[in-house]
1. Of the conditions (1) surrounded by 14 or more Cβ atoms within 10 Å (Cβ to Cβ); (2) in a helix (DSSP H, G or I); (3) at pLDDT below 75, B:Ala220 satisfies every one except a single condition; which number is it?
2. Just one of B:Val14, B:Val36 is free of Cβ contacts under 8 Å to residues at least 24 places away in the same chain, part of a helix (DSSP H, G or I), within 14 Å of chain A (Cβ to nearest Cβ) and out of contact with any strand residue (DSSP E or B) (no Cβ under 6 Å at 6 or more places or on another chain); which is it?
3. Tell me yes or no: at least one residue of the stretch A:344-354 is under 28 Å from A:Ile105 (Cβ atoms), crowded, with 21+ Cβ neighbours inside 10 Å, away from chain C (no Cβ under 14 Å) and of a type outside the set (A, V, I, L, M).
4. Determine whether the stretch B:52-63 contains at least one residue that is away from chain A (no Cβ under 14 Å), touching a residue at least 24 places away in the same chain (Cβ under 8 Å) and farther than 18 Å from A:Thr80 by Cα.
5. Given the residues C:Asp76, C:Asp131, which is the only one that is crowded, with 23+ Cβ neighbours inside 10 Å and over 27 Å from the mean Cα position of the chain (by Cα)?
6. Out of curiosity, is A:Tyr196 touching a residue at least 12 places away in the same chain (Cβ under 8 Å), surrounded by 21 or more Cβ atoms within 10 Å (Cβ to Cβ) and not β-branched (Val, Ile, Thr)?
7. In the stretch B:181-214, which residue that is touching a Gly at 6+ places or on another chain (Cβ under 6 Å) and either within 11 Å of chain C (Cβ to nearest Cβ) or of a type in the set (S, T, N, Q) (or both) is farthest from B:Gly119 (Cα to Cα)?
Amino acid sequence: MSERALWQRRLGRRGALALGGAAAFAAACGGGGTGPAAGGAGAPGTPQARLGTPTTKQPKPGGSLTIRITADPPNWSPFTASTYTAATANMAYNKLLKLKVSPEIDPADVVLEPDLAEKMPETPDELTFIFTLRPNVKFHDVPPANGRLMTAEDVKAAIDAYRSDSRSAFRADYSSIDSVEAVDARTVRVKLKEPYVPLLGISAGQYGWRIFPKEMLEGDDLKTKAVGTGPFILESYAPSSKATYRRNPNYFKSGLPYLDSLTVAIIPQDASALSAFQTGQVHVITQVDCTNAQQLKNQKRDARYQQTFDNHPGGYIAVDTSRPPFNDARVRQALSMAFNRKAESDALMCGEGRPDQLIPTGAFKKALPINQLGEAAKFWDYNPAEAKKLLAAAGYPEGFEVPLNYTPQYGQQHVSSAERAIADFAVVGIRVKPQAIQYNEWISQVYRPPFNFTGILWGPSRYYTDPDPYVWYWLHPDPKQGISNQSRVNDPALLPLLEKQRRTLDEAERLKVIGEIQKIVAAQQYYIGRNTGNAYAFWEGWLEGWSARLVYDFPQVEQAWDSRR
Amino acid sequence: MSTYVARRLLLALVSLFGLTLLVFVFLHAIPGDAAVLVLGDTGHISQEQLAETRRRLGLDDPLPVQYVRWLGGILRGDLGTSLFTSRPVWHEIRDRIKVTFELALLALTCSLLVGVTAGTFAAVRHGRAGDQSVRVLAILGLAVPNFWLGTMVIVFGARWFGWIPPVQYVEPWRSPGQNLQMFLVPALVVGLALAASLSRMTRSAVLEVAREDYVRTAHAKGLPGRAVLLRHTLRTALIPIVTLFSIQAGAVIAGTVVVENVFNLPGMGRLVLDSISRKDFPLVQGIVLLYGGFIVLANLTTDLLYGVIDPRIRVGR
Amino acid sequence: MATTTLQHAAMTLPRRSSLRRLSRRLARPANTFAVLVLMLFVAAALLAELVAPYGSNQPTTAYFAAPSAAFPFGTDNLGRDVFSRVIYGARASLLVGALAVGIGTLSGAVLGITTGYFGGAADFLGQRLVDILMSLPGILLALVIAAGLGASLFNVALAIGIAILPNSARVARGSTLSVLGMPFVEAARATGAGHGRILLRHVLPNVTAPLLVIASVQLGFAIISEASLSYLGLGIPLGTPSWGNMLSGSSLLFMQRAPWMGIAPGIALTLVILAVNLLGDFLRDLLDPRLRGRE
């Protein structure tokens, strides 16, 4: 249950590695079990993949697909910020703009393309977006919409709901929107109060502007039904078991989707899910750790896979800076230098982890890399001797005892990463006392305000493609804004920079501002970056039109097809 | 006797009431906020919105008010609505109870067949090799952790045989073959553990009865061994066996969390875990009421049987 | 797991003359095996620091190493020696088991004896409490204790102990009631013996035997419960190995890559519970007067 939200940036052009469909990269992970990965990891930034040879066949309709997810959606409402809801409900919806999926696009990079909108929005000024909707888009032929046409009124109602309905978990994300207007049946105008760069990205992400019939806003139907314009129509939902969908015959992209039916299988146990993939009961499985990925690669040689970065067991360390010992920057720096990132990468990530910052450079490649952070770069070195010196200077020559707060519900790899670190910290005298916190308490009181913890917090990986959430929520001193500010950062130098990066439309300028923020955080070590973890997505060799994404929903389904037909 | 039953029934109801009250208190003693999970754990939700949500769900009212409101609903036959899915609690339960029920039924059947047979066999072969081997097997059955065994089956099944039980549940009427395939291994895993203790109970019960004077008389009278066994021994021995069985029945319904998790069965076990973790209190209360009712009923049956067997226990109480 | 109250009601502690029978029965292979296994594991638990080649949480760089001379049971995903962790795990698992059974049996005994002896309102309330505790979902109990008191070895034992309490209480109550029905108790009361005297001289000795038997059965249950709770994420926090968290954690995730991670603690667990149950059988055979004199 890691925190993942897809926030996109407007990229001027595709900014990603071109992988090429024909390459089959050597996979070497974990070897014979006596040490770190031996070779074959490719250049930093190149995910490992086996994408199969490009096919000359043409897509044929028919077939069914089973995708695995790990837990039930708490409900089906597009207002609920649950990755499992996104994974299941989004099959039935379209957004105005969507995430483009193709093997040539790195799983971490995002490219926006029009979905329900006919073309990218016009921007007569920096505060206005005008969307022209496609003509003749119909809702699913099920109640209450019964196949009627989608209009700008539906779009307006949806966007207004996302930004102001009491049920919407996304209100904070759209606080910069001033008004939404249905200019005519096919045109929607969105006006902002102030420039807000991440806007379009969020609107196209897994928690984006999914358009539903406006009459469904009354009552609770949205929680139990998923009626939209999307490629698949929800047929049935058996709680804790599966959700089944059938093809939408009136989908506005003619010819799509190719698949006749879809099943989302809910399988909490990873061991069971892996076995299910091996025996062909499940066709798509994501978030496979690198060790099991190695097993799968060898056992199912016709299966395709792609490595994704910024996953469990990567993450960060937050510390309570409001009181000793972590109110002293030297202690935080010592903690960072006592932490052996390479050992963690070898032990948990098959040697392919990358040292991380608050903004994971594994995901956001345009952020300043660690070696450009100046003096502060040395804090990422593994240097227990230097750490001890810093601790002594700060008044802790014998070290100290401190709680380490974690939750078991982020999964076994996450727990292992914390367990491994205990030995690292003990070397410099920091004696850690693990505190297990159940998820409910964690997510409502420890990870969020009022941040009920002291000492160390073992943070999970989370993925946003835009740097704004990483810095805004984790560094903002106002508790109403800094909803993830577990380190209780209150640095006057940061606040103007945070606001400035949100408004700077020019990419190069914005990156400079973000770089300033990165340097301050690095010098102060408000958050200690661990490694960017890696995981694998696997899919059947006969599934074409598929590639991996870091988001939790599956925009690939509309273009996927079965090459055995 | 009927007043005894009626009185015990009344007591059972009191227990049930106490149970729901205790659970309610416990649930609210767990730190954490249901509202956060209702809105979604990965959202960036402001405190105001949380407060609004709590108000909307009635979570802001003082605890006694919430409990009484729930109780009022129960007395009207309304189990309430899940805070998360907004579906009626009864629907949530109904969707899953059929799975747990099927698992329990198959496991208990296996337990009965294997357990009673093995136990009787061991008693008949008392002191000899057959007895010893059954005893050891029985204890082995009790000792192996069921989730470990289950995971090994799934992992090595896939690896060595290319087969694992289906991970997708289908109703028995829709596809009996697939359904049985899915339940076979978990039912065996649960059932064999139950069979183990049932076989031990059967063995000692049969042995006890076999030593009774009237059985020895029957032997002396020249009745063939099997007739003695069936007509006298087994019937009397059945009482403690049935007692244990009814206790097991109560326990197995409540104890399937781990097995359901390993074998991906969409049953009550998962629902219990999820609803408690989320503090979905109408759902938790509904489940507890159901389980509690079942177990209280099982206890009632056992106590009644005791009252029948041993009047000393009944006198004066 | 349960046995009839009736059976236990008739048990008493053995007299001196049956000590010879005791040693003869102990010599039987099953019982010898059980005692040896338990002694082995208890010794391992107590002497872990001396016996284990590595520390309890000592990562090395030999990840997923297969069993070898250097690592008899192989290593896990963090390169830790599984053999050492199984030895240290014995400590946690046995401690949880013993604590849980101690707490559960003692408090159950107190509850059962009190309600059985005094009857009336106390019995009524006590019986309701037992009913309630039996119907309480164990997970809720474990969650509340973990959340309210913090997750720790002791609190896990506490949660399991409370789950065990009802059975002990029922056994204790049943025994008490059947003792109270005996003629010598009536006689004692008639001669003016006080509550304390009756409890100490008559009730307690007769209750001890069946409680011992059920305690032995529940020890197995307690140890497995610790494993199940760890599986569900409610067990002993990280940093301390226990067979439960060894079985439920990475060993399950990496079962294909390194089966020895899960097999070693699984076998250890099975052996201990086997031994505990065999001893329970032995105790029951020993303490049941009806079986005495027939072997």
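The values are calculated or read from the model by the stated rules, or taken from the named source; none is laboratory data. Not measured: the values here are computed from a predicted model. For neighbour counting, all protein chains shown are included, and Cβ atoms are generated from backbone atoms with ideal geometry for every residue, glycine included.
1. (1)
2. Among B:Val14, B:Val36, only B:Val36 is free of Cβ contacts under 8 Å to residues at least 24 places away in the same chain, part of a helix (DSSP H, G or I), within 14 Å of chain A (Cβ to nearest Cβ) and out of contact with any strand residue (DSSP E or B) (no Cβ under 6 Å at 6 or more places or on another chain).
3. Yes: the stretch A:344-354 contains one or more residues that are under 28 Å from A:Ile105 (Cβ atoms), crowded, with 21+ Cβ neighbours inside 10 Å, away from chain C (no Cβ under 14 Å) and of a type outside the set (A, V, I, L, M).
4. There is at least one residue in the stretch B:52-63 that is away from chain A (no Cβ under 14 Å), touching a residue at least 24 places away in the same chain (Cβ under 8 Å) and farther than 18 Å from A:Thr80 by Cα.
5. Numbers: C:Asp131 fails: over 27 Å from the mean Cα position of the chain (by Cα).
One residue alone meets the criteria, C:Asp76.
6. On the way: touching a residue at least 12 places away in the same chain (Cβ under 8 Å): yes; surrounded by 21 or more Cβ atoms within 10 Å (Cβ to Cβ): no; not β-branched (Val, Ile, Thr): yes.
When the stated conditions are applied, A:Tyr196 does not pass them.
7. Residues of the stretch B:181-214 touching a Gly at 6+ places or on another chain (Cβ under 6 Å): B:189, B:192-193, B:195-196, B:198-199, B:202-203.
Restricting the remaining residues to those that are either within 11 Å of chain C (Cβ to nearest Cβ) or of a type in the set (S, T, N, Q) (or both) gives B:193, B:196, B:198-199, B:202-203.
Numbers: B:Ala193: 14, B:Ala196: 9, B:Leu198: 7, B:Ser199: 4, B:Thr202: 5, B:Arg203: 4 Å.
Only one residue fits best here, namely B:Ala193.
So that you can scan it fast, the table gives a plain yes or no per residue for (1) more than 13 Å from A:Leu358 (Cβ to Cβ); (2) touching a residue at least 12 places away in the same chain (Cβ under 8 Å):
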{"site": "A:Glu441", "(1), (2)": "yes, no"}
{"site": "A:Thr454", "(1), (2)": "yes, yes"}
{"site": "A:Asn485", "(1), (2)": "no, yes"}
{"site": "A:Asp506", "(1), (2)": "yes, no"}
{"site": "A:Ile528", "(1), (2)": "no, yes"}
{"site": "A:Asn531", "(1), (2)": "yes, yes"}
{"site": "A:Leu543", "(1), (2)": "yes, yes"}
{"site": "A:Phe554", "(1), (2)": "yes, yes"}
